[in-house]
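To keep things clear, I will list the structure first and then write my remarks on it.
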Amino acid sequence: MIKTLWELMQGEKCLVQGFSQALDESYRVRLMELGFHPGEQVTCVQVPRLGAPKLYRVNNTIYSLDDSVATLVDIRVSE
């Protein structure tokens with residue numbers, strides 16, 4: 001099932017599928033520099049309350065992404 005990174009719940013794992021065309025090229029490049037490559041596994045490690053940025057683990061590093069960016073990253077949920 002394809003979703004966006006923002007829809008991932010705490011503890012869920014996924015594989016990055018790609019990026020929305022609406023995502024600015026500079027954000028796309030920066031996300032890939034951080035490890036958010038298509039095919040890369042990502043884990044949602046924390047979902048704060050009140051819409052605060054979620055925390056994601058990629059390659060043993062944790063990053064915070066807000067909804068304006070995370071909704072533009074397409075994922076496939078891992079089992």
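Dipole of the stretch 2-77 (Lys/Arg Cβ +1, Asp/Glu Cβ -1, origin at the Cα centre): which of Gly18, Cys44, Val73 lies farthest to the positive side?
Cys44
Which part of the stretch 51-67 falls in the paramagnetic zone of Ser26, meaning amide N under 18 Å from the point 7 Å along Cα-to-beta-carbon?
66
For Thr43, Thr61, what's the fewest-to-most ordering of other Cβ within 10 Å of each Cβ?
Going from least to most buried by this count: Thr61, Thr43.
Determine, for Asp24, Asp74, Asp67, the number of other Cβ atoms within 10 Å of each Cβ, and report the residues in order from fewest to most.
Taking fewest neighbouring Cβ atoms as first place, the list is Asp24, Asp67, Asp74.
Read-outs throughout are calculated quantities, based only on the coordinates presented, and are distinct from any laboratory measurement. Everything numeric here is computed off the predicted structure, so don't read it as measured data. When we count neighbours, we look across all protein chains shown, and the Cβ atoms used for this are built from the backbone with ideal geometry, even at glycine.
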